[in-house]
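The values are calculated or read from the model by the stated rules, or taken from the named source; none is laboratory data. Quick caveat, the model's predicted, so the values are computed rather than measured. Cβ sites come from the backbone with ideal geometry, for glycine too, and all protein chains shown count toward neighbours.
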Amino acid sequence: MKRVSKILTIIVWASSIYVLFKLNLLTGSIDTLKEFFNSCGNYKELIFISISSLRIVALIPSAVFMVFGGVIFSPFEGIILTAISLILSETIVYIASRILFGSDIQKLLINKHPKLYQLLLKNSIKILAIGILCPIAPSDIACFLASSTGLSYRKFILTVMISNMPMMILYGFLGSNFLSSGNSIIIIGFIIMVSLYSLYLWNKEQRLEKLA
């Protein structure tokens, strides 16, 4: 059964990549994405949620869709749609982590990020929160490894949502003010401040791990 689950996971991942490629949504071009969603008419919210949720299989950072949600929709609508897709995408990560528990993929990620895994074993919620907020931390990998430490889904998804909320709001308003240089500068300033603070916390945890 476990082998079948792994095969299904690979099939879903490969199929999702193929669909995104055929829709020309892996170019990273905001103009291309905007044109595509505008052509979806009344279904663009549903399409946005679907593609934003599946961005995890194409290794697209969540920040891309946080900004893009503000470009296509109003700031609040973009934030709500991004939040829904974030719940769905990280739920996929959580389920995949449980399915692939003990697999070569999990062992590969642990061997590639041993310090991160050790930190998560000591305090999964705290490290997951900092890893999500810090721009240089591998947030999706942190989510995957945190899930494999035995963290409950309820605690996992609450940590994910609360930790993403500051950047979700800032990126959403950044997208809505894309053409307004004055507002964009202010929002970017806040993003830099939050990023620097999260970077300080991330480096602090790394130093404490070395001293332990």
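Among the residues of region 124-139, those that are modelled with pLDDT of 85 or more and out of contact with any Ser or Thr (no Cβ under 8 Å at 6 or more places or on another chain) comprise Lys126, Ile127. No other residue among Leu151, Leu121, Leu179 is modelled with pLDDT of 85 or more and assigned to a loop (DSSP other than H, G, I, E, B) apart from Leu151. The condition of being modelled with pLDDT of 85 or more, among the hydrophobic types (A, V, I, L, M, F, W, C) and over 24 Å from Tyr43 (Cα atoms) holds for only one of Ile87, Ile105, Ile162, that being Ile162. Considering region 25-35, and only residues there that are surrounded by fewer than 16 Cβ atoms within 10 Å (Cβ to Cβ) and part of a helix (DSSP H, G or I), the residue that is modelled with the lowest pLDDT turns out to be Ile30. The single residue among Leu158, Leu201, Leu145 that is assigned to a helix (DSSP H, G or I) and free of Cβ contacts under 8 Å to residues at least 40 places away in the same chain turns out to be Leu158. Cβ-Cβ distances below 7 Å connect the following pairs, each with a first residue in region 49-69 that is of a type in the set (Phe, Trp, Tyr), a second residue that is modelled with pLDDT under 75, and a separation of six or more residues or different chains: Phe68/Ile30; Phe68/Leu33; Phe68/Gly175.
Within region 118-136, being surrounded by fewer than 22 Cβ atoms within 10 Å (Cβ to Cβ) and farther than 14 Å from Leu158 by Cα holds for Gln118, Leu121, Lys122, Asn123, Pro135, Ile136. When region 50-86 is filtered for residues that are buried (at least 16 other Cβ atoms within 10 Å of the Cβ), aliphatic (A, V, I, L, M) and not in a helix (DSSP H, G or I), only Ile60 remains.
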